[in-house]
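What follows is one structure encoded as structure tokens, with my remarks underneath.
Read-outs throughout are calculated quantities, based only on the coordinates presented, and are distinct from any laboratory measurement. For clarity, every value in this text was computed on a predicted model and none was experimentally measured. FYI the Cβ positions are ideal-geometry reconstructions off the backbone, even for glycines, and counts take in every protein chain you see.
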Amino acid sequence: MWPFSKKGPSGFSSSSTAEQVTQGIDGTGLTAVVTGASSGIGTETTRVLAKRGVHVIMGVRNTAAGKDVKETILKENPSAKVDAMELDLSSMESVKKFASEYKSSGLPLNILINNAGIMACPFMLSKDNHELQFATNHLGHFLLTNLLLDTMKKTSRESKKEGRIVIVSSEAHRFAYSEGIRFDKINDQSSYNNWRAYGQSKLANILHANELTKHLKEDGVDITANSLHPGTITTNLFRYNSAVNGIINVVGRMVMKNVQQGAATTCYVALHPEVKGVSGKYFSDSNVSKTTPHGTDADLAKKLWDFSMNLIK
């Protein structure tokens with residue numbers, strides 16, 4: 001694992017685990033929502049945040065799987081505070097229902113982790129007739145963030161603690177379509193490429209965090225928004241690609257991160273004191289990293305924001 005050993009300015013590297021990057025951090029009194037928490041790095045993120053004292057609400061499409069994750073975490077850590085709520089990011093109705101139920105619960109919200117995602121699937125439309133990867137990876141999270149923002153602002157004001165929005169992107173944003181976001185061809189099946197569409201949705205994640213940062217600063221609220229690349233990890237994201245999945249199973253352990261390492265950057269950005277006040281940045285291996293020029297294009301970010309706002313009306 002020699003490529004994973006070089007530490008960055010944070011003192012962590014790509015071999016650091018979620019437990020290591022949060023060692024000694026007390027998250028007691030904090031409440032977090034983690035989407036896609038019933039498998040992969042979402043489960044590990046939930047487990048480690050709960051281990052640090054955070055009350056975690058898992059947004060899960062499969063509530064039975066969410067219940068199993070909760071039970072597993074409680075077996076290891078009986079004092080953990082973990083709950084599961086149904087959430088399908090590909091359905092705006094489901095996102096609205098989740099947000100409404102969350103607000104009705106009266107729970108505070110310090111940390112929102114937009115983690116759920118699908119990767120390189122065949123062309124499909126969501127229930128709202130948007131290309132499925134764009135709908136699930138970006139639009140559902142855009143709507144969720146929008147609906148939960150008032151709760152986060154209220155929590156930040158009352159608790160005097162910084163709120164953090166963490167959006168899980170990917171280095172795959174480098175493989176988006178040449179124009180970045182194909183606003184006029186989001187649903188164009190004839191020119192659809194499953195990997196470029198995935199890259200487009202991950203670029204959208206970065207642009208969302210950047211533009212959201214501008215809005216939060218204009219509002220003068222103590223909430224940050226950052227995006228990140230978790231690493232190439234052996235998870236079920238590869239389920240739509242049987243050939244790739246086979247290769248992953250054979251060589252994954254040698255060249256890829258395990259789930260404990262894959263959840264590290266998410267947990268670092270969500271909890272670490274070093275990240276206090278940092279917003280509109282892209283992280284990789286628990287360190288600030290660089291995106292493509294599209295990823296820092298303020299005009300593209302603004303255009304995506306307006307485009308997304310129009311789609312969620």
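Pick out the one residue from ALA99, ALA84 that is in contact with a Gly (Cβ under 6 Å, 6 or more places away or on another chain) and under 30 Å from LYS313 (Cβ atoms).
Criteria check complete, one pass: ALA84.
In the condition set (1) in contact with a Cys (Cβ under 7 Å, 6 or more places away or on another chain); (2) within 30 Å of VAL221 (Cα to Cα), GLU158 is compliant with all but (1). Evaluation of SER90 against the conditions (1) surrounded by 20 or more Cβ atoms within 10 Å (Cβ to Cβ); (2) hydroxyl-bearing (Ser, Thr, Tyr); (3) closer than 20 Å to ALA263 by Cα shows that the sole unmet condition is (3).
Looking across region 103-146, the residues that are in a helix (DSSP H, G or I) and over 19 Å from SER169 (Cβ atoms) come down to LYS103, SER104, SER105. Within region 257-313, if we keep just the residues that are more than 21 Å from ALA172 (Cα to Cα) and among the aliphatic types (A, V, I, L, M), the residue that is surrounded by the most Cβ atoms within 10 Å (Cβ to Cβ) turns out to be ALA270.
Yes/no per residue for (1) farther than 28 Å from LEU49 by Cα; (2) over 18 Å from the mean Cα position of the chain (by Cα):
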{"residue": "MET152", "(1), (2)": "no, no"}
{"residue": "GLU158", "(1), (2)": "no, yes"}
{"residue": "ARG164", "(1), (2)": "no, no"}
{"residue": "ILE181", "(1), (2)": "yes, yes"}
{"residue": "SER190", "(1), (2)": "yes, yes"}
{"residue": "ASN194", "(1), (2)": "yes, yes"}
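Does THR63 qualify as being closer than 21 Å to LYS154 by Cβ, without any contact (Cβ under 8 Å) to a residue 40 or more places away in the chain, surrounded by fewer than 21 Cβ atoms within 10 Å (Cβ to Cβ) and over 18 Å from the mean Cα position of the chain (by Cα)? For THR63, the condition - closer than 21 Å to LYS154 by Cβ, without any contact (Cβ under 8 Å) to a residue 40 or more places away in the chain, surrounded by fewer than 21 Cβ atoms within 10 Å (Cβ to Cβ) and over 18 Å from the mean Cα position of the chain (by Cα) - is not met. Do you know which residues across region 263-313 are in a helix (DSSP H, G or I), farther than 21 Å from ALA204 by Cβ and of a type outside the set (D, E, K, R)? Within region 263-313, ALA264, CYS267, TYR268, LEU271, PRO273, VAL275 meet the criteria.
Of all residues in region 57-66, those that are touching a strand residue (DSSP E or B) at 6+ places or on another chain (Cβ under 6 Å) and either of a type in the set (Ser, Thr, Tyr) or part of a helix (DSSP H, G or I) (or both) total 2. With respect to the conditions (1) in contact (Cβ under 8 Å) with a residue 60 or more places away in the chain; (2) crowded, with 20+ Cβ neighbours inside 10 Å; (3) more than 18 Å from the chain's Cα centre (by Cα), LEU107 lacks only one, and its number is (2). Please find, within region 173-185, the residue that is nearest to PHE283 (Cα to Cα) out of those that are touching a residue at least 40 places away in the same chain (Cβ under 8 Å) and crowded, with 18+ Cβ neighbours inside 10 Å. Top of the filtered list is HIS173.
What do you reckon, is ASN210 under 13 Å from the mean Cα position of the chain (by Cα), in a helix (DSSP H, G or I), closer than 16 Å to TYR282 by Cβ and in contact (Cβ under 8 Å) with a residue 40 or more places away in the chain? It is false that ASN210 is under 13 Å from the mean Cα position of the chain (by Cα), in a helix (DSSP H, G or I), closer than 16 Å to TYR282 by Cβ and in contact (Cβ under 8 Å) with a residue 40 or more places away in the chain.
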